[in-house]
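Please read the structure below before turning to the comments.
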Amino acid sequence: MKRFAHFVGIGLVFLGIHSASAAPVSAPVSANSGGLHISEGTLHRGSDLITRHFSIARTEPGYIFIYVPRFGLITIAAQPFPAAEVAGKFEGNALTFNADGEHFVLSSSTTIINPDDRDAWVSVDRTFSLRVQAPMVAYGDSPHMPYKWPMREVAAQ
């Protein structure tokens, strides 16, 4: 039951921060915890604004998931994981990365991770799609988490 509650929480965060008008999702975190902290986030693809006004706070390091309609799912971490390659950099309040030839910039009003100058490991799943045609930013503990969250089947219909 405890594991299921974790998946529901991930699903709710994944669905809850998908639009510019969505309220920020945040939890207490120490700036020096080694976790992940995005406050008043914005995401650009090239010069185009994809989404904004999202927040994520975690006390442990993890994975950032970015769903871009008609592009796929981008998974990012500050550490190596299967099928990922170094394709970006965490630098203070910005994460810049390339995914399948596209340039992205995720910015925050706070430092995203500490220490703040680190490589970003990136993988792209171009086959991942949802029925919802809005960009989404989420987080999790496993690079495969979006494939298993409970509401994925509902959103994909």
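Could you give each residue of segment 36-48 its phi-based ³J(HN,Hα) in whole Hz, using Karplus coefficients 6.51, -1.76, 1.60 with θ = phi - 60°, and x for Gly or Pro?
For segment 36-48, the Karplus curve yields 10, 9, 10, 10, 6, x, 10, 10, 10, 10, x, 9, 8 Hz.
Along the Cα→Cβ direction, 7 angstrom out, place labels at GLU40 and SER142. What is the inter-label distance in nm?
Output for this residue pair reads 3.6 nm.
Search the structure for amide H atoms under 5 Å from the amide H of ASN114, placed 1.01 Å from N in the peptide plane, and list their residues when 5 or more places away or on another chain.
For ASN114, whose amide H was placed from the backbone, the distant partners under 5 Å are GLY34, GLY35.
Can you list the HN-Hα couplings for segment 83-91, worked out from phi with the Karplus curve (6.51, -1.76, 1.60; θ = phi - 60°), rounded to whole Hz and with x for Gly and Pro?
Rounded to whole hertz, the list is 6, 9, 9, 5, 9, x, 8, 8, 9.
Compute, for LEU49, the solvent-accessible surface of its heavy atoms (probe 1.4 Å) with the complete set of protein chains present, and express it in square angstrom to the nearest 10.
Probe radius 1.4 Å; accessible area of LEU49 about 90 Å².
The values are calculated or read from the model by the stated rules, or taken from the named source; none is laboratory data. Keep in mind the model is a prediction, meaning the values are calculated, not measured. We place every Cβ from the backbone using ideal geometry, glycine too, and count neighbours over all the protein chains shown. Note: accessible area is taken over every heavy atom of the protein model, side chains too, but ligands, DNA and RNA are not part of it. Shrake-Rupley method; radii C 1.70, N 1.55, O 1.52, S 1.80 Å.
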